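Below is one structure, written out as structure tokens; the observations come after it.
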Amino acid sequence: MRDIAEFDVSAELLDWYDRHARQMPWRIGPADRAAGVVPDAYRVWLSEVMLQQTTVAAVRDYFVRFTTRWPTVDALAAAKDEDVMAEWAGLGYYARARNLLKCARVVANENAGRFPDTYDALLELPGIGPYTAAAIAAIAFNQPETVLDGNVERVMARLFDIHDPLPGSKPILKEKAASLTPTRRPGDYAQAVMDLGATICTPKSPACGICPLRAPCLARAVGTQAELPKKTPKKPKPVRHGHIYIARREDGALVLERRPDKGLLGGMLGWPGSEWSDAPIPCPPFDADWTALQGEVRHTFTHFHLVLRVWTASLPNGINLDGLIVLDKHDFRPKDLPTVMRKAHDLWRGR
């Protein structure tokens with residue numbers, strides 16, 4: 001078996017990428033990049049934030065809408081918080097949207113609308129962690145930074161036949177990835193490794209026969225590629241419960257609330273409700289003839305499963321609703337709600 005060091009991994013991978021690069025609305029393809037087209041750091045940053053813990057397929061339409069409405073970081077920085085949160089609804093992990101605005105405003109107001117071009121400087125911006133800083137530095141500014149997402153971890157685990165389970169193996173996987181990161185075309189290379197993991201070195205049934213790195217791949221040589229990367233078993237997620245209240249006035253207006261900035265779904269529109277716990281106490285937002293709907297809403301967050309009981313009521317037009325948000329039926333858009341709240345709306349509409 002030949003050593004990986006005997007192969008020019010980056011050259012093989014870049015050659016493959018030149019022919020098979022995925023087309024994405026935020027990406028400058030290898031041919032355009034070779035012709036001198038420079039990536040827009042704003043679009044690179046926005047896409048990387050959106051793609052955290054989300055798929056490319058889920059992000060495409062959001063990215064197009066965002067960049068159509070706010071084509072520059074200055075435009076985004078000037079946007080209203082509620083408008084950005086509404087456009088983000090459905091992408092999940094809403095702290096990302098809040099940090100998105102914080103970061104845009106720092107770049108616009110303190111950096112004259114320009115993203116810094118080094119890993120260390122990018123890391124100082126709100127909401128930008130090690131992965132995102134490395135991705136922006138490499139892809140937008142062609143810096144030889146090592147980008148390590150789930151796709152890259154999988155490629156490295158198989159290429160070097162590393163059996164230590166994730167997440168504990170992240171440091172060794174990054175070390176191996178860094179050893180292969182070239183100084184020539186590092187931005188294209190970073191995207192090439194991610195594309196390889198997304199299209200060929202996939203979690204299940206990797207297409208080893210057409211992989212450009214099949215020759216140096218140690219896992220393929222010994223037949224362990226399908227079992228890598230190994231992962232430490234996750235603890236079962238707890239189940240929390242809650243009550244949620246959907247009220248409509250006689251004129252069709254709906255009653256909502258703006259959730260606190262901190263915490264889950266921070267800053268988002270939603271239906272008033274109880275705390276989420278093992279045994280939540282019903283707490284209607286105001287007196288009304290509340291009726292429990294048949295069925296329940298189920299939703300999974302990062303650390304727990306949630307089960308919501310939905311209550312509904314009809315209200316007279318003159319009722320006092322201080323502290324709540326009353327939206328005219330023509331102004332209400334279910335898509336502006338986070339997914340769990342939209343599920344409650346759908347259950348109510350289908351009652």
Within the range 237-268, of all residues that are β-branched (V, I, T) and touching a helix residue (DSSP H, G or I) at 6+ places or on another chain (Cβ under 9 Å), the one farthest from A97 (Cα to Cα) is I246
Residues in the range 276-290 that are loosely packed, with under 12 Cβ neighbours inside 10 Å and either under 30 Å from the mean Cα position of the chain (by Cα) or closer than 14 Å to R248 by Cα (or both): how many? 4
Could you tell me whether any residue of the range 54-65 is modelled with pLDDT under 95, small (G, A, S), over 27 Å from L123 (Cβ atoms) and within 15 Å of the chain's Cα centre (by Cα)? yes
Give the residues of the range 292-312 that are touching a residue at least 60 places away in the same chain (Cβ under 8 Å) and over 26 Å from K234 (Cα atoms), sorted by residue number. R309, V310, W311, T312
Just to be sure, is W70 buried (at least 16 other Cβ atoms within 10 Å of the Cβ), out of contact with any Pro (no Cβ under 9 Å at 6 or more places or on another chain) and not polar (S, T, N, Q)? yes
Taking into account only those residues within the range 193-210 that are of a type in the set (A, V, I, L, M, F, W, C) and part of a loop (DSSP other than H, G, I, E, B), which is nearest to M156 (Cα to Cα)? C201
Just for the range 129-173: of the residues that are part of a helix (DSSP H, G or I) and β-branched (V, I, T), which one is surrounded by the fewest Cβ atoms within 10 Å (Cβ to Cβ)? I172
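One line per residue, one yes/no per condition, for (1) of a type in the set (S, T, Y); (2) within 17 Å of D117 (Cβ to Cβ):
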| residue | (1), (2) |
| --- | --- |
| W26 | no, no |
| R33 | no, yes |
| V38 | no, yes |
| V44 | no, yes |
| M50 | no, no |
| T54 | yes, no |
| A58 | no, no |
| F63 | no, no |
| R69 | no, no |
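The values are calculated or read from the model by the stated rules, or taken from the named source; none is laboratory data. Computed from a predicted model, the values in this text were never measured in an experiment. Counting neighbours? That spans all protein chains shown, and the Cβs are built from the backbone with ideal geometry, glycine included.
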